[in-house]
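Colleague: Please see the structure below; I have some questions.
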Amino acid sequence: MTTIDSYNPADPDDLVASVPSTGAEGVAAALADARGAQRGWWALGAAGRSLALTAAAAAIEGAADELVGLVVREVGKPVAEARGEVARTVAIWRYYAQAPFAASGEVHEPAAGPGLLLTRRRPYGVAGLITPWNFPLAIPSWKAAPALAVGNAVVLKPSSEAVAVALRLAELAGLPEGVLTVVPGGAEVGTALIGGADVVSFTGSTAVGRSVIAGATGRGIPVQAEMGGLNAALVLPDADIAQAAAHLAGAVAGYAGQKCTATSRVIAVGDAYEPLAEALAKALDQTPAADPSAPGTSCGPVINRQALERLTDAIDTARAGGATVLAGGARAERAGWFLEPTLLEGVPAGHPLLTEEFFGPVAVLLPAADLDEAVALANDTRHSLSTSVHSRALDAVLAAADRLDAGMIRINAPSSGVDFHLPFGGAKGASYGSREQGRAALDFYTASRTVSVLPAGEQ
């Protein structure tokens, strides 16, 4: 039997979980059970589903300390950020616990004559969710909670590197059997889930996301995919450079840069370049890669050996091409998969660091003569999820916000971070389909029906 093994990235000898892979047959059985359970879940009505989601939030909150420890151990998330993720997860479940009572349609006037026209939204049936390891509680929750709130059952395939957290989350949720099922496994399990679910939501790499989209659209079922971002930060000469550097250091190095909203390209406009280069390099040097369980740590390990080697190879080839390392640039001298937060300048045109998401604590510093050039550089990517703009001038930031090709734009704030009740998604190749979170998620997991009612005997 194939097993899914999950190791601690800060201590690679520490086996966190070893569980059997579900396999394609197991996914088919889980989908069948979910389809049967969904009918009873829908029949609970708004009050029943609301109570169940409220109870799930309370159970997650009650296990907060346990979950923080498990998140730190399994995915190397710094303890302070792990606490924040647990709190956000509780808030997500509480927010969607109110959603069953929300209006789910509209009443319209007939075009002519008596009658009643209305729209209603109804669940698809079984939602197939495929989630990454970097937010092992929050992302499964912001997909599952809205899907459940509107009456779907859920089958969740988590990343193999976050399987212990996913299994514990589902256990704590305490929902009726078959309503929320976790199916550990690799590509075979994901393919089987896409092949049998009624609606699919995915977060992960671009390559896998494209295959998910192809599989779902080939079946004609709704699909959304979040595929990361090569995010930029624009710093104008009138910005508070110290504040901008602090925000950028957090967005580059926080959680070792393993967020789809992390900053990987820093664009300094005009005279901002030199002071920003100095301030940001200093801020990154003061954010070393360290033990994620230590209270003051911001940058922990990257997720595995392969990720570390990909990052160090990219830094080495950039340096060989003429780039200069302003901060970091090497593995930390400790066990585990640690890379010191890195800032490079002079990276040669066409280098992968300028065109691909590397998912690590590495950023490239780029000069721009003016705002026009900065916006053009920021938009020169297929993966535009979140962009930050740093300036004291309201007219400049509003002009930039209108012209930036990004799904989320943050003003005088890090690119990483978004409120859980607002739409989440990117532009171009960063996202496909409907937005996640907020009301947008409730609409995605339901289908609209138009109902026409005529008086008896009317023709």
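The values are calculated or read from the model by the stated rules, or taken from the named source; none is laboratory data. All of these numbers come straight from a predicted model, not from anything done at the bench. Methodologically, a virtual Cβ is constructed for each residue, glycine included, from the backbone with ideal geometry; neighbour enumeration extends over all protein chains shown. Side chains included, ligands, DNA and RNA excluded: accessible areas come from the protein's heavy atoms. Shrake-Rupley method; radii C 1.70, N 1.55, O 1.52, S 1.80 Å.
Colleague: For the range 75-119, list residues with backbone N below 18 Å from a point placed 7 Å from the Cα of Glu171 toward its Cβ?
Modeller: From the range 75-119, the list is 75.
Colleague: Evaluate the Debye formula for the range 20-118 with equal point scatterers sitting on the alpha carbons, no solvent, and hand back log10 of I(q)/I(0) at q = 0.18 Å⁻¹, in q order, two decimals.
Modeller: -1.02
Colleague: Here's a follow-up. Could you check the simple spin-label distance between Ala349 and Asp11, using points 7 Å along Cα→Cβ, in nm with one decimal?
Modeller: Label-label distance for Ala349 and Asp11, simple model: 5.0 nm.
Colleague: Explain nothing, just the number: dipole magnitude of the range 237-354 about its Cα centre with +1 on each Lys and Arg Cβ and -1 on each Asp and Glu Cβ, in debye rounded to the nearest 20.
Modeller: On the way: 8 positive and 13 negative charges, 98 e Å.
That gives a dipole near 460 debye.
Colleague: Can you count the Lys pairs in the chain with C-alpha separation below 26 Å, eight or more apart or on different chains?
Modeller: 11
Colleague: Here is a further query. With charges only on Cβ, +1 for K and R and -1 for D and E, what is the dipole size of the chain about its Cα centre, in debye, rounded to 20?
Modeller: It comes to approximately 1400 debye.
Colleague: May I ask which residue of Val418, Ala376, Gly407 lies farthest towards the positive end of the charge dipole of the range 360-459, with charges of +1 (Lys, Arg) and -1 (Asp, Glu) on Cβ and the Cα centre as origin?
Modeller: Val418
Colleague: Does a label point 7 Å from the Cα of Arg88, set along Cα-to-beta-carbon, have any residues of the range 253-270 with amide nitrogen under 20 Å, and which are they?
Modeller: Residues 253-265 qualify, since their backbone N sits under 20 Å from the label point.
Colleague: Taking a probe of 1.4 Å, how large is the accessible area per residue of the chain, in Å²? Don't jump to the answer; show the numbers that get you there.
Modeller: Details: 18100 Å² over 459 residues.
About 39 Å² of surface per residue is accessible.
Colleague: Using DSSP loop states and a limit of at most 16 other Cβ atoms within 10 Å to flag GluC sites (Glu not before Pro), what is the longest stretch of the chain containing no flagged site?
Modeller: It runs 1-176.
Colleague: In whole Å, what is the distance between the alpha-carbon centres of the range 228-257 and the range 336-351?
Modeller: Centre-to-centre distance over Cα atoms comes out at 15 Å.
Colleague: Please compute, over every Cα-Cα pair in the range 91-219, the percentage with a separation greater than 26 angstrom.
Modeller: Numbers: 2410 of 8256 pairs.
Summing the P(r) of the range 91-219 above 26 Å gives 29 percent of all pairs.
Colleague: Then there's this: Counting only DSSP beta bridges with both residues in the chain, tell me the antiparallel percent, nearest 5. Kindly include the intermediate steps, with their values, before the conclusion.
Modeller: On the way: 27 of 65 bridges.
Approximately 40 percent, going by the DSSP bridge assignments.
Colleague: What figure, in Å² to the nearest 10, do you get for the accessible area of Lys157 with a 1.4 Å probe and non-protein molecules left out?
Modeller: About 20 Å², rounded to the nearest 10.
Colleague: Here is a follow-up. Name the residues whose placed amide hydrogens come within less than 5 Å of the amide hydrogen of Ile4, ignoring near sequence neighbours (fewer than 5 apart) on the same chain.
Modeller: Hits under the 5 Å cutoff: Val19, Ser21.
Colleague: So, counting K/R as plus one and D/E as minus one, what does the shell of residues with Cβ under 14 Å around Gly360 add up to?
Modeller: Working: positive: Lys259, Arg265, Arg305, Arg310, Arg331; negative: Glu309, Asp313, Asp316, Glu340, Glu356, Glu357.
Within the 14 Å Cβ shell, the charges total -1.
Colleague: Enter the Cα centre distance for the pair the range 38-97 and the range 409-443, rounded to the nearest angstrom.
Modeller: So the separation of the two Cα centres works out to 20 Å.
Colleague: Once each part is reduced to its C-alpha centroid, what is the distance from the range 367-408 to the range 164-222 in angstrom?
Modeller: 34 Å
Colleague: For the range 280-389, with the dipole built from +1 on Lys and Arg beta-carbon atoms and -1 on Asp and Glu ones, taken about the Cα centre, which of Pro288, Leu326, Leu366 lies farthest toward the positive end?
Modeller: So the residue we want is Pro288.
Colleague: Given 0.36 nm per residue, what is the gain on full extension from Ala335 to Thr2 after removing their alpha carbon distance, in nm?
Modeller: Contour length minus Cα-Cα distance gives 117.1 nm.
Colleague: Given 0.36 nm per residue, what is the gain on full extension from Ala46 to Glu66 after removing their alpha carbon distance, in nm?
Modeller: Working: separation 20, 0.36 × 20 = 7.20 nm, distance 3.06 nm.
Residue separation times 0.36 nm, minus the Cα-Cα distance, leaves 4.1 nm.
Colleague: Go through Cys299, Cys260 and list them by solvent-accessible area, largest first, probe radius 1.4 Å.
Modeller: Accessible-area ranking of Cys299, Cys260, largest first: Cys260, Cys299.
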